[in-house]
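Readers should treat all values here as calculations from the given coordinates under stated rules, not as data from a laboratory. None of these values were measured; they are calculated from a predicted model. Because the Cβ atoms are built from the backbone with ideal geometry, glycine has one as well, and the counts that use them run over all protein chains shown.
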């Protein structure tokens, strides 16, 4: 009888572990996960991000008042449909005097190799830096979020970064999204 009770308790514990969600993605108002990305070899990309020639960097080292991070996958049909709006957002930021220094964009290709990231960049004419996450390391650090997912991050002092906006799924208007980013810049 006692072994049967222990078996039931063990099964209940395993069931709870399987049903409980993994770590949640960083939510608004919370610190951003200290994700390390490889520093781009391309000088123009390093200059855009304001990075020295280190081996790796964190989002907190990007020279900007706000950083928009797009989490995507080359294989995600929603990400593919969203690509023109995301490119439009980048073009709006780049085209506004002074704003291109204050707001930077990067993308992280979940489950994508460098080849797949390059293919996505070329296929969808993406102009902002994209980084591979072929081994799902960053994906796990972000709570295994779905794609596309957008984060807007702001420096919080001492090299820390705070999430000021996060959204799973696409956005209807690049203009409205940029308006929201501008409001966060002024706060």
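Structural descriptor for the chain: relative contact order 28 percent, calculated from alpha carbon pairs under 8 angstrom and at least 6 residues apart.
Projecting label points 7 angstrom from Cα along Cα→Cβ for residue 101 and residue 140 puts them 4.1 nm apart. Between the helical axis of 174-186 and the dominant principal axis of the chain, each derived from Cα atoms, what acute angle in degrees is found, rounded to the nearest 10? Helix 174-186 sits roughly 90 degrees off the main axis of the chain. Zone of residue 55 (label point 7 Å along Cα→Cβ, backbone N under 19 Å): which residues in the range 136-168? Residues 137-138 fall inside that zone. Taking the C-alpha atoms only, the angle from helix 114-123 to the longest principal axis of the chain is near 50 degrees.
For the range 100-159, the square roots of the Cα gyration tensor eigenvalues, ordered a ≥ b ≥ c, give a/c of at least 1.5 with a/b no greater than b/c, which places it in the oblate category. Normalised by residue count, the chain yields a Cα convex hull volume of 154 Å³ per residue.
Working from label points 7 Å from Cα in the Cα-to-Cβ sense, the residue 28 to residue 176 distance is 1.4 nm.
Quick one: helix 77-95 against the long Cα principal axis of the chain, what's the angle to the nearest 10°, folded into 0 to 90? With rounding to tens, the tilt is 40 degrees.
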